[in-house]
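None of the figures in this text is laboratory data; all of them are computed from the coordinates on show. Being a predicted model, the structure only gives us computed values, none of them experimental. Note that each Cβ is placed from the backbone with ideal geometry, even for glycine, and that neighbours are counted across all protein chains shown.
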Amino acid sequence: MIVEKVMRDGLLDLSKTKKVYLEGNILKLIKAADNDTEFTEYLSFCKDRDIKNRRKRLDVTKQVQSQNKQLELAAKENEKINHQLSKALEKASTSAEEAIKSKAEAERLRDAAMEDLDTLQKRTQFELIGLIVKVALWVIACVGFSTTVMYLFVLIKGLDATIIESTWANLFGILLTNSFSIIGTIMGVKYATSKSE
């Protein structure tokens, strides 16, 4: 689909002044006119930038998967230590004095292992929450900004703003609700983890 000159100029101006570019599946649909090299270069840049952003998101996913593997390894290590503790307790049952010493040592090892696992899980949770918050806030900011730009564009051009006006108001209400939802989730997780301590 070849966009109209007004939209084409608006997109180019938006990229030059605000550094805002198209991204996503819409790039597959938009084409430049045959003799429009500037818009062709713009679309090519947008596609390259979109590919880089997708790669970044894939890297974040891989990082989260790697952290999950670390948690699984830590759980296996914890299970191994618990198994060793059980064996140590069985051997120590031969004499009362040895049993008391072994039990105290076993409990100390178990507590240390549980503390290490708990620390690793909390660190991973906070890193993941921080990442989710950053991505969510960027999405909220970008959607709000792009909707505001479109609304201002309609107002400046003097076009009928009835539909976009209600859409703009609804979108900001949804974004505000989602922002509070994210903050509430984070506070809930922090409250839950602080209670367990």
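Overview of values
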read-out	value
Lone qualifier among 155, 175, 159 - being among the hydrophobic types (A, V, I, L, M, F, W, C), outside any helix (DSSP H, G or I), over 27 Å from residue 63 (Cα atoms) and out of contact with any Phe, Trp or Tyr (no Cβ under 7 Å at 6 or more places or on another chain)	159
Residue within segment 138-154 that is surrounded by 13 or more Cβ atoms within 10 Å (Cβ to Cβ) and small (Gly, Ala, Ser) present	yes
Candidate set: segment 27-52, residues that are touching a helix residue (DSSP H, G or I) at 6+ places or on another chain (Cβ under 9 Å), in a helix (DSSP H, G or I) and aliphatic (A, V, I, L, M); chosen: the one surrounded by the most Cβ atoms within 10 Å (Cβ to Cβ)	43
Single residue of 23, 72 found to be surrounded by 11 or more Cβ atoms within 10 Å (Cβ to Cβ) and closer than 26 Å to residue 135 by Cβ	23
Residue check, residue 102 surrounded by 11 or more Cβ atoms within 10 Å (Cβ to Cβ) and of a type in the set (Ser, Thr, Tyr)	yes
Tally of residues being in contact (Cβ under 8 Å) with a residue 24 or more places away in the chain and not hydrophobic (A, V, I, L, M, F, W, C) across segment 1-32	8
